[in-house]
Amino acid sequence: MNLASPPILQRQQSGQPQSAAVSAEDTSFSFRTTTWQADGFGFDATSGEFFTASPTALVVMQCLAAKMSTVQILDRLTSTFDVPRRTAERDLESFLAELTTLGLQD
Amino acid sequence: MNSSPTIAVTGLHRGENPQPGSAVIRSLRRVYPELRIIGLCYDTLESGLYSEEDAPDAAFTLPYPSAGLEAFWDRLDAIREVERFDVLIPCLDAEMAPLVESPEKLRERGISACLPSWKAFEARDKSKLPDLCERTHCRTPQTVAVNDVSSLHQAAAGFGGSVFVKGRYYEAQLTSTPAARESAYWHMLETWGAPVLVQERIEGEEYNVIGIGDGRGHILGSCAIRKMLRTSNGKGFGGMVVRDPQLDAVAQSLIAELRWNGPFELEFVKPDGPKAEYCLIEINPRFPAWCDFPSTLNCNLPAAAVELALGWQPREPLRHATPGKFFIRHAIDMTGDIRDLAALTTTGQLIRQSEEPRAKGREPQTRSSASHVA
């Protein structure tokens with residue numbers, strides 16, 4: 001698993017085709033100002049920007065929305081996906097940095 | 001005043017740089033299908049004159065602004081001998097100044113209009129935005145008004161070379177080389193007159209806010225969008241409704257400071273980054289070409305402007321458009337008839353007569369062909 005590699009979380013530019021929808025079991029949820037759908041489509045009502053995210057990225061943002069700790073998020077990831085904890089740890093760190101770059105996380 | 005008022009609208013060309021008039025007409029007919037609407041045009045090939053859905057009931061040519069104010073008022077009086085319109089909704093930047101400067105000329109003719117005060121109109125002039133923004137604690141790109149090529153290059157150098165060269169009323173070109181800058185300067189000077197504006201380039205997403213001010217510092221209704229699609233010269237060709245309290249607060253602060261009366265459009269750029277602030281690019285003193293989009297979302301600002309101008313009780317409260325709704329422009333070919341063009345060209349007017357009362361909801365109109373009126 002590589003949480004951070006594109007197109008795990010991708011800002012959609014005008015005129016850019018959508019990446020294939022990803023499946024996820026959970027329903028929609030809000031993380032910061034963005035509302036995420038179960039198919040990985042996110043819309044930020046304050047900025048008008050929209051994004052697509054992979055199932056793993058969705059799980060992480062769901063955990064962040066629920067104010068889970070890094071340890072709890074890693075537990076969730078390793079129990080949900082077939083990934084070594086060390087790899088998940090590295091990818092999570094990278095993904096959180098990406099969220100900050102996109103303005104989706106402080 | 002007529003019991004059923006007649007509304008005059010300008011700016012009817014929906015070309016590459018669409019003018020707002022046809023969108024205003026479309027919005028008015030959504031809620032007041034019985035209104036008689038006349039179009040005032042500067043060119044007989046303004047596309048809105050030939051539309052099945054947005055065309056005015058009658059159209060009259062106006063002299064170009066270069067003909068002078070006397071010619072303008074004389075022509076308006078001549079038009080009113082044929083069509084005694086009650087409300088004027090000016091939709092072009094260049095025609096705003098003389099109307100705002102002399103509102104009594106409209107009043108004495110019995111014409112109502114939602115116009116800002118001269119003081120507010122001047123305060124939002126492109127060259128005076130820094131002063132306004134300082135008073136309202138709003139960010140704005142550095143802008144310098146120039147009257148010669150030497151000052152142009154000097155200002156551009158101070159902003160890092162890549163700058164917007166803007167016309168006094170309209171149009172902007174992004175330039176990166178001295179040659180391009182100079183070419184843009186002469187174009188803006190010839191087209192819009194002096195001064196030409198040189199503006200620092202700020203990269204980021206563009207946001208626009210359309211609304212109506214009540215003249216006492218309040219916004220009666222508004223809608224904010226992020227530009228999704230832009231033409232090669234930066235005009236919005238698609239936009240997504242957003243709802244950001246920060247943007248609403250900036251807009252409210254500007255309109256309160258100006259005590260703006262009537263339609264407006266605020267244009268912002270927001271640089272990338274979570275802490276970025278909205279940066280005011282300009283304030284347009286009229287409806288923009290996308291003004292019919294909010295009307296489809298229960299925020300009919302042109303209808304509200306007519307109600308305000310006539311002193312009517314608002315039909316219903318203006319609602320906030322739902323974030324996520326978006327518009328995309330779609331160019332189509334329309335069929336015109338040479339008889340319409342001939343009538344407008346030779347007599348300066350084109351009168352259409354509906355055979356049936358207009359149905360609510362913009363159903364296709366049945367019209368007789370144009371008739372000449374001597």
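The table below lists the values:
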| item | result |
| --- | --- |
| Kyte-Doolittle mean at least -0.5, axial Cα span of 18 Å or more - DSSP H helices of chain B | B:69-82, B:245-258 |
| Per-pair calculated FRET efficiency, R0 = 35 Å: B:Lys325 and A:Gln72 via Cβ, rounded to 0.05 | 0.40 |
| B:Asp148-B:Glu52 pseudo-label distance in nm [points 7 Å out on the Cα-to-Cβ vector] | 5.8 |
| Calculated FRET value between B:Asp272 and B:Leu174, using beta carbons and R₀ = 22 Å, to 0.05 | 0.80 |
| Relative contact order of chain B, defined on C-alpha pairs under 8 angstrom at six or more residues apart (%) | 19 |
| Computed lengthening from B:Glu316 to B:Glu101, 0.36 nm per intervening residue step minus Cα-Cα distance | 74.2 nm |
| Relative exposure of A:Lys67, B:Lys166, B:Lys270, judged by other C-beta atoms within 10 Å (fewest first) | A:Lys67, B:Lys270, B:Lys166 |
| Per-selection metrics, segment B:6-104 (Cα): Rg and Dmax in Å | 12.9, 36 |
| Length added when fully stretched, B:Asp337-B:Lys128, from 0.36 nm per residue minus Cα-Cα | 70.7 nm |
| Footprinting exposure proxy for B:Phe326, B:Phe60, A:Phe50 (fewest neighbouring C-beta atoms within 10 Å first) | B:Phe326, A:Phe50, B:Phe60 |
| Set B:Lys119/B:Lys270; B:Lys235/B:Lys270; B:Lys128/B:Lys235; A:Lys67/B:Lys275; B:Lys275/B:Lys325; B:Lys126/B:Lys166 screened for pairs whose C-alpha atoms are more than 20 Å apart | B:Lys119/B:Lys270; B:Lys128/B:Lys235; A:Lys67/B:Lys275; B:Lys275/B:Lys325 |
| Cα-centred dipole magnitude for the protein assembly as shown, charges only on beta-carbon of K, R (+1) and D, E (-1), debye, nearest 20 | 560 |
| Residues B:Trp73, B:Trp290, B:Trp260 arranged by fewest to most Cβ contacts within 10 Å | B:Trp73, B:Trp290, B:Trp260 |
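Values in this text are rule-based calculations from the coordinates and carry no lab data. Predicted model, so just to flag it, every value in this text is computed and none were measured. Using ideal geometry, Cβ is built from the backbone for each residue, glycine included, and neighbour counts are taken over all protein chains shown.
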